[in-house]
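**Q** Next up is a structure, given as structure tokens.
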Amino acid sequence: MIWNDKRYYSIDSYLKQTFGEKVYRLSLHGGMTCPNRDGTLGHHGCIFCSAAGSGDFAQKYLPIPEQIAAAKEQIRQKRNCQKFIAYFQAYTNTYAPVDYLRDLFFDAIKDPDVVILSIGTRPDCLSNEILELLGELNQIKPVWIELGLQTIHAKTHRFIRSGFTLDCFHEAVRQLSQRNISVIVHVILGLPGETRQEMLETVFHVGHLPIFGIKLQLLHVLSDTDLGILYQKHPFPLFTQEEYCTMIADCLEILPETITIHRLTGDGPKELLMAPLWSSAKRSVLNQIQKVLKNRDTWQGKYFVPENNMIHIRSETNGRSPNPI
Ligand code: SF4
């Protein structure tokens, strides 16, 4: 299957098919922090996380209707658009008492132009009462929950100081999918100490979960992070653009064609970006990914193997794809 010539199921295609037009994101600030920053689990956050809490484009905290009005106005200065996603991206957006979250999220979905509520959070910040609230909201407008898994490997979780386990993540996915809430999983490619095979194992694993979408994110090193300090002292290998584009093609091949692709690269703030510098030319990276897919005559799902038919995957060398054997 080829979707809009892209050879993968982009979230833009999904939104156009579902809503009949392009849908734009409004980055909103929920006024929360993160247990990995406020001392509950840690003070320094995940090793790659910037001071803005992985939400560098969100506005300062203001009442939600004001944030929505300002963000819509900003987008409409450049584009004629009618429909929006209310996106709570920075920090952990379910890390607050449920009554606070109720007011916040109902304020967001009451705007008639908001067609989706998207919430970035951690898998260990979804209590039963919060899950019930999300289920209730999902009856009114679609709710997307974005979970930053990054990797399935325990050694890397320890290194990045995520503070949660794969079991905890699985439980969150189970609870959310039981309530028909769409889950989008974030994966980082290029974390120090991981091999290509290990990265593909993460993507393969995620592709067999009951999720709606995936964000494949290139590891970028930002200057205001502990990863940045580490990189300065002991530079570790990072993907070249060519290697990364090949890796993305490998990942797409083993994902099912039904999973929506929300991101294929990283785009950290230019003023903080230490490496890899090529990642700031996002258009060029996306074009090169298209070129690799085309030259290889491949597409999302080409080598997807349903779990019960799967024996194992093997990672080929020289940039070729992992094939089911
Ligand atoms: S869980 Fe998210 S917001 Fe919290 S430290 Fe990690 S990346 Fe940053």
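**Q** Any idea which of Leu209, Leu166, Leu126, Leu200 is farther than 20 Å from Thr265 by Cβ, more than 16 Å from the ligand (Cβ to nearest atom) and either touching a residue at least 12 places away in the same chain (Cβ under 8 Å) or of a type in the set (A, V, I, L, M) (or both)?
**A** Leu209
**Q** Do the conditions hold for Arg37, that is, is it within 16 Å of the ligand (Cβ to nearest atom) and crowded, with 19+ Cβ neighbours inside 10 Å?
**A** Taking the combined requirement at face value, the residue satisfies it.
**Q** Same structure, new question: May I ask you to list the residues in region 169-191 that are part of a loop (DSSP other than H, G, I, E, B) and within 16 Å of the ligand (Cβ to nearest atom)?
**A** Residues satisfying the conditions are Gly190, Leu191.
**Q** Also: Within the set of pairs 6 or more residues apart or between chains, which connect a residue that is without any contact (Cβ under 8 Å) to a residue 40 or more places away in the chain and surrounded by fewer than 13 Cβ atoms within 10 Å (Cβ to Cβ) inside region 233-259 to a residue that is of a type outside the set (S, T, N, Q) and part of a helix (DSSP H, G or I) with Cβ atoms less than 6 Å apart?
**A** none
**Q** Just the residues that are of a type in the set (Phe, Trp, Tyr), outside any strand (DSSP E or B) and crowded, with 16+ Cβ neighbours inside 10 Å, please, taken from region 78-107.
**A** Once the filter is applied, which keeps residues that are of a type in the set (Phe, Trp, Tyr), outside any strand (DSSP E or B) and crowded, with 16+ Cβ neighbours inside 10 Å, region 78-107 yields Tyr91, Tyr95, Phe105.
**Q** Being over 19 Å from Gln178 (Cβ atoms), under 19 Å from the mean Cα position of the chain (by Cα) and aliphatic (A, V, I, L, M): is that true of Ile109 here?
**A** So Ile109 fails the test.
**Q** Something else: With respect to Thr298, is the statement that it is over 27 Å from Glu146 (Cα atoms), at pLDDT 95 or above and β-branched (Val, Ile, Thr) true?
**A** yes
**Q** Kindly evaluate Glu194 against the criterion of being of a type in the set (D, E, K, R), at pLDDT 95 or above, in a loop (DSSP other than H, G, I, E, B) and farther than 15 Å from Pro276 by Cβ.
**A** yes
**Q** Being more than 19 Å from the chain's Cα centre (by Cα) and either more than 15 Å from Cys46 (Cα to Cα) or basic (Lys, Arg) (or both) is the filter here, so list the residues in region 197-230 that pass it.
**A** Hit for region 197-230 is Gln197, nothing else.
**Q** Related question: Kindly indicate the residue of region 132-157 that is within 14 Å of the ligand (Cβ to nearest atom) and outside any helix (DSSP H, G or I) and also farthest from the chain's Cα centre (by Cα) among those meeting that condition.
**A** Looking at the filtered set, the residue picked out is Thr151.
Per-residue answers, yes or no, for (1) of a type in the set (Asp, Glu); (2) modelled with pLDDT under 95; (3) within 17 Å of Glu307 (Cα to Cα):
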position: Phe204; (1), (2), (3): no, no, yes
position: His208; (1), (2), (3): no, no, yes
position: Lys215; (1), (2), (3): no, no, no
position: Ile229; (1), (2), (3): no, no, no
position: Gln232; (1), (2), (3): no, no, no
position: Pro235; (1), (2), (3): no, no, no
position: Thr240; (1), (2), (3): no, no, no
position: Met247; (1), (2), (3): no, no, no
position: Glu253; (1), (2), (3): yes, no, yes
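**Q** Please specify each residue of region 284-309 satisfying the condition of being of a type in the set (S, T, N, Q) and farther than 17 Å from Thr260 by Cβ. Steps first, answer last, please.
**A** First pass over region 284-309, keeping only residues of a type in the set (S, T, N, Q): 284, 287-288, 290, 295, 298, 300, 308-309.
Selection gives Ser284, Asn287, Gln288, Gln290, Asn295, Thr298, Asn308, Asn309.
**Q** Take Leu15 and decide whether it is part of a helix (DSSP H, G or I) and surrounded by 18 or more Cβ atoms within 10 Å (Cβ to Cβ).
**A** yes
**Q** Taking region 134-163 only, how many residues are in contact (Cβ under 8 Å) with a residue 40 or more places away in the chain, farther than 23 Å from Pro192 by Cβ and polar (S, T, N, Q)?
**A** 1
**Q** Any idea which of (1) over 15 Å from Val285 (Cα atoms); (2) β-branched (Val, Ile, Thr); (3) surrounded by 22 or more Cβ atoms within 10 Å (Cβ to Cβ) is the one Ile229 doesn't satisfy?
**A** (3)
**Q** I need a count of the residues in region 255-304 that are under 19 Å from Val187 (Cβ atoms) and part of a helix (DSSP H, G or I).
**A** Total satisfying the criteria: 7.
**Q** Here's a follow-up. Pull out all pairs, ordered by first then second residue, where Cβ-Cβ is under 8 Å, the residues are six or more apart or on different chains, the first lies in region 65-79 and is more than 13 Å from Asp113 (Cα to Cα), and the second is surrounded by 11 or more Cβ atoms within 10 Å (Cβ to Cβ) and among the polar types (S, T, N, Q).
**A** These pairs meet every condition: Gln67/Gln59; Ala70/Gln59.
The values are calculated or read from the model by the stated rules, or taken from the named source; none is laboratory data. Since the model is a prediction, treat every value here as computed from it, not as a measurement. Glycine gets a Cβ as well: all are built from the backbone with ideal geometry, and neighbour counts include every protein chain shown.
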